[in-house]
Amino acid sequence: GGAPPMGVTRGLTVKMRGLPFRVGEQEVMEFFVGYSAVPSSLQLGADHTGRPSGEGWLTFTSAAEAKRAVDERNREYLGSRYLELTLV
């Protein structure tokens with residue numbers, strides 16, 4: 001991990017680890033359906049070669065929503081992998 005990317009807001013942004021390497025933005029947004037997220041804030045991480053790192057960041061509209069997403073969706077499966085969610 002290094003520092004979070006630009007556009008990440010402490011307390012509002014959830015960091016995802018364990019994303020399937022072929023996952024698309026649509027699938028990530030579907031994982032968080034029912035939560036008040038900011039679709040344009042979604043960032044999927046890449047390593048130094050440009051390949052997916054399995055990390056991502058998504059900002060929510062309030063700290064309460066971000067915490068609720070982490071509390072309710074941490075270690076839930078997206079495809080064949082479970083995601084580790086943490087508040088930034």
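The values are calculated or read from the model by the stated rules, or taken from the named source; none is laboratory data. Source: prediction; values computed, not measured. Quick reminder, even Gly has a Cβ in these numbers, built from the backbone with ideal geometry, and neighbours come from all protein chains shown. For accessibility, only protein heavy atoms count, side chains too; no ligands or nucleic acids. Shrake-Rupley method; radii C 1.70, N 1.55, O 1.52, S 1.80 Å.
Quick look at the numbers
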| quantity | calculated |
| --- | --- |
| Percent carbon-and-sulfur accessible area, the chain, ignoring ligands, DNA and RNA, probe 1.4 Å | 51 |
| Extended-chain gain in nm, criterion 0.36 nm per residue less alpha-carbon gap, Lys67 and Arg81 | 2.9 nm |
| Dipole in debye (nearest 20) - the range 5-64, about Cα centre, beta carbon charges: Lys, Arg +1; Asp, Glu -1 | 180 |
| Inter-label distance for Val33 and Phe21, nm, one decimal - labels placed 7 Å from Cα along Cα-to-Cβ | 2.8 |
| Neighbour net charge for Asp71 - beta-carbon separation under 15 angstrom, K R +1, D E -1 | +1 |
